[in-house]
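*Asks:* Pasting a structure here, questions to come.
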Amino acid sequence: MRKIGRKEFFQQSAKLGGCCGAALLAGSLSALGEEAPKPDSVFTPCADRVKQGQAVIKRLIAQMDQKLDKATRDEIMESCGRLCHDGAHPGPKQPTPAAAAKFLEGISKYVGKENVRQSGNETVMYFKYTQNPRGLKVADSYCLCPILEDAPKDVSATYCQCSVGYVRAIFEQGPGKPAKVELTESVLRGGKGCNFTVRFATA
């Protein structure tokens, strides 16, 4: 029998590694009386990934609540919300005056004139989410975050600060000015609304 050197041994082992792994998997499943998956289905996305994702988020937020102060938790979640907005709606950091005026006109119609007021040089808007494109409504206790819309309601309300960051990004990108956003009600806080008070400079 021909002897092989150390280098050749590792080269051959590397070539056989994938096949050996597949054979071990098939053998293990066979021993359990289960049919081995076909090669093209091994990496099929898990059908329960949304539920698993919800569980991970719940544990993550719980750990944040236990180990981080409120200011740090809020900053992290609001940053996540801003990144979510910017990824979905990339736009100029400084809009033109015409674009800013168009945004303010459109958002005022969306919230209703009764939910917009002037306080000196500051505009105050009462902004709320009502339902998503598929018709799920906040009033029916659905969270409109695509990940948590049907999640258990015992997820920490710290998660809602993500929406604070998202809404702030909306109002800062539109007028091109800093905005302050306060969450006044949410489903995860036991409410029947997803409501915000938004303040930004008019002049």
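So that you can scan it fast, the table gives a plain yes or no per residue for (1) surrounded by 11 or more Cβ atoms within 10 Å (Cβ to Cβ); (2) farther than 17 Å from GLY165 by Cβ; (3) not assigned by TED's automatic domain parsing to the domain that holds LYS177:
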| site | (1), (2), (3) |
| --- | --- |
| GLY81 | yes, no, no |
| HIS85 | yes, no, no |
| PRO90 | no, no, no |
| LYS102 | yes, yes, no |
| SER108 | yes, yes, no |
| ASN115 | yes, yes, no |
| GLU122 | yes, yes, no |
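*Asks:* Now, a different point. If I ask for residues that are farther than 16 Å from ILE107 by Cβ and of a type in the set (A, V, I, L, M, F, W, C), which ones from the range 181-193 would you list? Quick ask: steps written out before the conclusion?
*Replies:* Filtering the range 181-193 down to residues farther than 16 Å from ILE107 by Cβ leaves 182-193.
Those that are farther than 16 Å from ILE107 by Cβ and of a type in the set (A, V, I, L, M, F, W, C): LEU183, VAL187, LEU188.
*Asks:* Next up: Say we look at the range 115-141 and pick out the residues that are in contact (Cβ under 8 Å) with a residue 40 or more places away in the chain and in a helix (DSSP H, G or I); which of these is nearest to ARG168 (Cα to Cα)?
*Replies:* Step by step, filter the range 115-141, then rank; the result is VAL138.
*Asks:* Taking the range 78-114 on its own, how many of its residues are part of a loop (DSSP other than H, G, I, E, B) and among the small types (Gly, Ala, Ser)? Explain how you work it out, then say what you get.
*Replies:* First, pick out the residues of the range 78-114 that are part of a loop (DSSP other than H, G, I, E, B): 89-96, 112.
Of the ones still in play, those that are also among the small types (Gly, Ala, Ser) are 91, 112.
So the answer is 2.
*Asks:* A further question follows. Output yes when any residue across the range 181-198 is under 20 Å from GLY87 (Cα atoms) and of a type in the set (S, T, N, Q), and no when none is.
*Replies:* no
*Asks:* Restricting to the range 142-163, count the residues that are surrounded by 15 or more Cβ atoms within 10 Å (Cβ to Cβ) and part of a loop (DSSP other than H, G, I, E, B).
*Replies:* Residues of the range 142-163 that are surrounded by 15 or more Cβ atoms within 10 Å (Cβ to Cβ), as a first pass: 142-145, 147-149, 151, 155-163.
Filter once more, keeping what is part of a loop (DSSP other than H, G, I, E, B): 142-145, 147-149, 151, 155-156.
Number of matching residues: 10.
*Asks:* Now a separate question. Assuming ARG117 fulfils every condition listed in (1) more than 28 Å from ALA71 (Cβ to Cβ); (2) modelled with pLDDT under 90 apart from one, which condition is it?
*Replies:* The one condition ARG117 does not meet is (2).
*Asks:* If you don't mind, another one. With the structure loaded, tell me whether GLU75 is under 18 Å from PHE196 (Cα atoms) and under 20 Å from the mean Cα position of the chain (by Cα) or whether it fails that test.
*Replies:* yes
*Asks:* Here's something else I'd like to know. Only one of ASP150, ASP140 is under 16 Å from the mean Cα position of the chain (by Cα), closer than 30 Å to ILE61 by Cα and acidic (Asp, Glu); which?
*Replies:* Working: ASP140 fails: under 16 Å from the mean Cα position of the chain (by Cα).
That would be ASP150, the only listed residue that is under 16 Å from the mean Cα position of the chain (by Cα), closer than 30 Å to ILE61 by Cα and acidic (Asp, Glu).
The values are calculated or read from the model by the stated rules, or taken from the named source; none is laboratory data. Nothing here was measured: the structure is a model prediction, and the numbers come from that model. So basically every Cβ, Gly included, is an ideal-geometry build from the backbone, and we count neighbours across all protein chains shown.
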